[in-house]
Amino acid sequence: MRRRLTRVLGILPLSLLSLGSTPTALAETQEEEMARIQRQLNQEVMSQPFLAEQPEKVQAYIDQASKAGVVPPEYQGRYWRPGYTCRDLLRYNWTEYRNCRYYYHYHGRYYR
């Protein structure tokens, strides 16, 4: 009896394996899942606004503000974090990026 049970249990994993999906079906499922994840990632990326640096506009703003003697104010937004540079603000808001560049030009340091 015990021998028979061992034989049945030894065959059981093989029978379960044959009941599962075939390697081809498993590969198709993984490919479909990867395609779904890629579509979701693409949608998330495209839903974010694209803010280019526009160095000419930033430099024109800096030149104009410098000539006018405008003192840049301390940062009042909500995105600045310790260790950031102006470029880190670009992902959130172009105007804050531009103002940060002027602040850095004027004071020679980033926001505190």
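The values are calculated or read from the model by the stated rules, or taken from the named source; none is laboratory data. Values in this document were obtained by computation on a predicted structure and should not be read as measured data. Ideal geometry is used to build each Cβ from the backbone, glycine not excepted, and the neighbour counts take in all protein chains shown.
Things worth noting here:
- Some residue of the range 61-81 being free of Cβ contacts under 8 Å to residues at least 40 places away in the same chain, polar (S, T, N, Q) and either touching a helix residue (DSSP H, G or I) at 6+ places or on another chain (Cβ under 8 Å) or over 28 Å from VAL45 (Cβ atoms) (or both): yes
- Residues of the range 82-99 that are touching a residue at least 24 places away in the same chain (Cβ under 8 Å) and over 19 Å from PRO49 (Cα atoms): TYR84, THR85.
- The range 63-108, residues that are in a loop (DSSP other than H, G, I, E, B) and small (Gly, Ala, Ser): GLY69, GLY77, GLY83, GLY108
- Test: ALA60 is modelled with pLDDT under 95, part of a helix (DSSP H, G or I), surrounded by 10 or more Cβ atoms within 10 Å (Cβ to Cβ) and among the small types (Gly, Ala, Ser): no
- Unmet criterion (only one of (1) loosely packed, with under 11 Cβ neighbours inside 10 Å; (2) within 28 Å of the chain's Cα centre (by Cα); (3) within 21 Å of ASN93 (Cα to Cα)) for VAL71: (2)
- Any hit, the range 44-56, residues being in a loop (DSSP other than H, G, I, E, B) and among the hydroxyl-bearing types (Ser, Thr, Tyr): no
- Counting the residues of the range 33-79 that are basic (Lys, Arg) and within 12 Å of TYR106 (Cα to Cα) gives 1.
- Scope the range 83-96; condition touching an Asp or Glu at 6+ places or on another chain (Cβ under 8 Å) and crowded, with 21+ Cβ neighbours inside 10 Å; matching residues: LEU89
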